[in-house]
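Readers should treat all values here as calculations from the given coordinates under stated rules, not as data from a laboratory. What you see is a predicted model; the values in this text were computed from it and never measured. All Cβ positions, glycine included, derive from the backbone under ideal geometry; neighbour counts span all protein chains shown.
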Amino acid sequence: MSEAPAIPSGAIHISCIGSPSAVTVSRTLPVRSREFPGYSILSAPAEKDAHYALPSYLCRLTGGLLSCKGVDMDLVAELKARARATVFGIADAGSYERKAPEGHRPSDVMSNARSIVLLGERMLDTPLDGLPGTRVEYTANFHITNDRLNHSLFELCGLLQESGHKAFPIPYKEMPGWNLEKRSAGSLKLLGKVVTFPRIRDFADSALRENLSYRHMAREAGLGEIGVNNLLLTPECGPRVRFVALLTDAELEPGRPSEQRLCVPERCGYACVRACPAGALSRDGSPTDKAACLKYYIKLGIPGMSGVRCGLCVARCPAELK
Ligand code: B12
Ligand code: SF4
Ligand code: SF4
């Protein structure tokens, strides 16, 4: 490659895509994916006289700036802006892979995931504060939030794809594998009656499960702590937040698990456990009794028809730091 022209004065941003050897210089926000001989270029400077250069040349010119070690800062900023989420976080897929049990690891879904992107949206306060009287409004808020998160998720996957990366969406799905919405009212009533019988309970416990757990991934991203209610509590929203996630081969600056203590049972007197009408939560924070929670859910109404949600373990938790 010929000698690179002098870099114009002013703020120069450097981002490295994929590997530290693929470098983009831009003076403005990223615009579109572009191919540049030998390099994958994410950002193209808006000005016509912009300059691209070899990494060694950039090293000479900018020294410390190249210490971004292959992490794409521009892309993170754009993902965050497009997500329009209350909570946004990135977890290191490799680190999560080492902590998660078999069958629940990023590699079970995508072979070369490097980062996990989490989006969280806050639920409205009034429908939560009014529970159990406001179940209809809470349930509507529940569905709208899921839809909005799923839309943003696919938008971010599109952005990553445009940028030359692979992105695997993990949209929110209701009752994975159970298709409760499609079952007849009679079969659901029967399920509600028998779901806590020993063998069916064991089945419910193992079957009512997604591959990847949003709350564990969110904790890994440093977004908060898993409380006694088995929900992810964040400093911004307590448990009043719903999530979606994606896996990508883009290397993005990850957060780290936080040490901040948000679940303080001695202060709230185990409010979530006391509030649970199904006895599905325990003071020792052991996993939710899924069958008991599901039984109560079916008792409240037929899912997909008059079905409403309980949500008391969300509503009664005071963990939010105001
Ligand atoms: C199935 C499901 C249910 C089932 C089972 C609940 C459960 N606790 O698993 C039922 C119907 C009962 C349910 C109820 C509710 N749910 Co729900 N549910 C899910 C769903 C779709 C999948 C859960 C799951 O299978 N996780 C994956 C498996 C692997 O997790 P697991 O069984 O807990 O895994 C165990 C081990 O395998 C291991 N593990 C697994 N992965 C990892 C990773 C690491 C690093 C480690 C160390 C360990 C580990 O730890 C776990 C505990 O032993 C998630 C969405 C999602 N994809 O995460 C929402 C989700 C957990 N639900 C949510 C909510 C809000 C609710 C309700 C409040 C809804 C309502 N009724 O109003 C209640 C609350 C119940 C409660 N307090 O636990 C939210 C929680 C948000 C938050 N702030 O944390 C989620 C994340 C949905 C969302 N889009 O945000 N839910
Ligand atoms: S959603 Fe209701 S029944 Fe289920 S664990 Fe929470 S409080 Fe208990
Ligand atoms: S209600 Fe209390 S014990 Fe339960 S999760 Fe919230 S802070 Fe923890």
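Which distance in nm do the two modelled labels at GLU236 and LEU124 give, with both placed 7 Å along the Cα-to-Cβ direction? Label-label distance for GLU236 and LEU124, simple model: 2.0 nm.
Kirkwood analysis of the Cα pair distances in the range 197-322 returns a hydrodynamic radius of 16.0 Å. Sorted largest first, the spans of the alpha carbon positions of the range 191-264 along the three principal axes are 46, 36, 17 Å.
Separation of the range 233-260 and the range 88-134 by C-alpha centroid, Å? The two parts, judged by their Cα centres, are 7 Å apart.
Measuring nothing but alpha carbons in the range 75-315 and taking Rh as the Kirkwood radius, the Rg to Rh ratio lands at 0.96. The modelled label-to-label distance for the pair ASP202/SER282, using points 7 Å beyond Cα in the direction of Cβ, is 1.7 nm. Just to confirm a number: summing +1 for Lys and Arg and -1 for Asp and Glu over residues other than LYS166 whose beta-carbon lies under 13 angstrom from that of LYS166, what do you get? That sum, taken over residues with Cβ under 13 Å, equals -2.
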